[in-house]
Amino acid sequence: MALLSIIIPAHNEEERLARSLDKILDFLSQQEYDSEIIIVENGSTDRTQEIAQEYVSRFSNVQLIIKTQAGKGLAVRSGILAAEGTYRFICDADLSMPIEQVSRFLPPACEEYDIAIGSREVPGSMRYNEPETRHLIGRIYNLLVRLIALPDLQDTQCGFKCFHHTVVERLFSVQQLDGWAFDVELLFIAQKIGLHIIEIPIDWYYMPGSRIRILRDSVKMFSDLFTIRRNWRKGMYERKGSTNIPNAED
């Protein structure tokens, strides 16, 4: 088993994917542990799939999963479940966190967790070049997340998250959402069943070209917060055949 799997959801990322892959591969080539990169291309209309296939043909530790349907949640779920690493790291294709900082999520720098999430808000973190309006919108949404679903986490929407392999099947086999709010859903389930979640301070650089459509996607993400709570009350996050998974009325 590889120590690290890096999962890259890639939807219409022809302008950024190759540059990011070059940086990731260069970093991994300097590490002593085994690793793999899984690119999940889903529903792209540009050259993303072609670029990914070029890297698959050149590097033995790069894999490509192709999905016809768009949705970051769908892409991440497909990649995480296909991965074989002890630590499975979600990495945005824009590489807004320098890849060297993935070491902060791995032993010996960090141990004994179920989920580690990159945070731009906890002490020790830094944001660079982010427009004030985007930052304000992000903080408003995070406030809503904390009020409705996850009161103890400062930054649920950062795209860099690491899952220990022992919790992957439990979480991703029951996760429902295919869109942007998938990570809030995963963290909500994890919190409810008592998994250990930590926040890792990172340096985060704003990269133009976000795939989020602010108005439309923000409304859907807000609605999804209530969908998550409703799904929990209905028992939709219980494993099939399980009789001892906690549930809640609230």
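Structural descriptor for the range 92-175: relative contact order 41 percent, calculated from alpha carbon pairs under 8 angstrom and at least 6 residues apart.
Around Ile193, with a cut-off of 14 angstrom between Cβ atoms, what is the net charge of the other residues, counting Lys and Arg +1 and Asp and Glu -1? Don't jump to the answer; show the numbers that get you there.
Details: positive: Arg170, Lys192, Arg239; negative: Asp114, Glu169, Glu185, Glu238.
Around Ile193, the surrounding residues sum to -1.
Of the Cα atoms belonging to the chain, the radius of gyration and Dmax stand at 17.4, 52 Å.
For the chain, modelled as a Gaussian network with Cα springs under 10 Å, which listed residue fluctuates most, Gly159, Gly71, Gly194? Checking each option, the largest mean-square fluctuation is seen for Gly194. Close amide H pairs (under 5 Å, H built 1.01 Å from N) link Lys161 with Ile90, Gly118, residues at least 5 positions away or on another chain. Relative to the longest principal axis of the Cα atoms of the chain, helix 132-148 runs at roughly 40 degrees.
Axis angle, to the nearest 10 degrees, between helix 182-192 and the longest C-alpha principal axis of the chain: 50 degrees. Contact order, relative form, for the chain: 22 percent (alpha carbon pairs under 8 Å, 6 or more residues apart, mean separation divided by residue count).
In degrees from 0 to 90, rounded to the nearest 10, what is the angle of the helix 17-29 Cα long axis to the longest principal axis of the chain? Here the helix axis deviates by roughly 80 degrees.
At a Förster distance of 30 Å, what's the computed FRET efficiency of Ser223 paired with Asp203, Cβ-Cβ distance as r, to 0.05? Given R0 = 30 Å and the Cβ-Cβ separation, E is 0.40. Taking every DSSP beta bridge that has both ends in the range 4-233, the antiparallel portion is near 20%. For the range 84-151, the Cα gyration tensor yields ellipsoid semi-axes of 24, 17, 12 Å (square root of five times each eigenvalue, largest first, whole Å). For a label point 7 angstrom out from the Cα of Met1 toward its Cβ, which stretches of the range 167-185 have the backbone nitrogen within less than 18 Å? Within reach of a label on Met1: 167-173. Of the residues Ser60, Ser96, Ser44, the one that moves most in a GNM of the chain with alpha-carbon contacts below 10 Å is Ser60. Sequentially through the range 155-167, phi angles give Karplus couplings (6.51, -1.76, 1.60; θ = phi - 60°) of 8, 7, 9, 4, x, 10, 9, 10, 10, 6, 4, 5, 10 Hz, Gly and Pro residues having no value and appearing as x. When the chain is treated as a GNM with alpha-carbon contacts under 10 Å, the residue of Ile137, Ile189, Ile66 showing the greatest mean-square fluctuation is Ile137.
Taking amide H positions as modeled 1.01 Å from N, with prolines and chain starts lacking one, the residues under 5 Å from Ile37 and 5 or more places away or on another chain are Ile6, Val62, Gln63.
A short reminder: the numbers here are calculations on the coordinates, not readings from a lab. Quick caveat: nothing in here was measured; it's all calculated off a predicted structure. Counting neighbours? That spans all protein chains shown, and the Cβs are built from the backbone with ideal geometry, glycine included.
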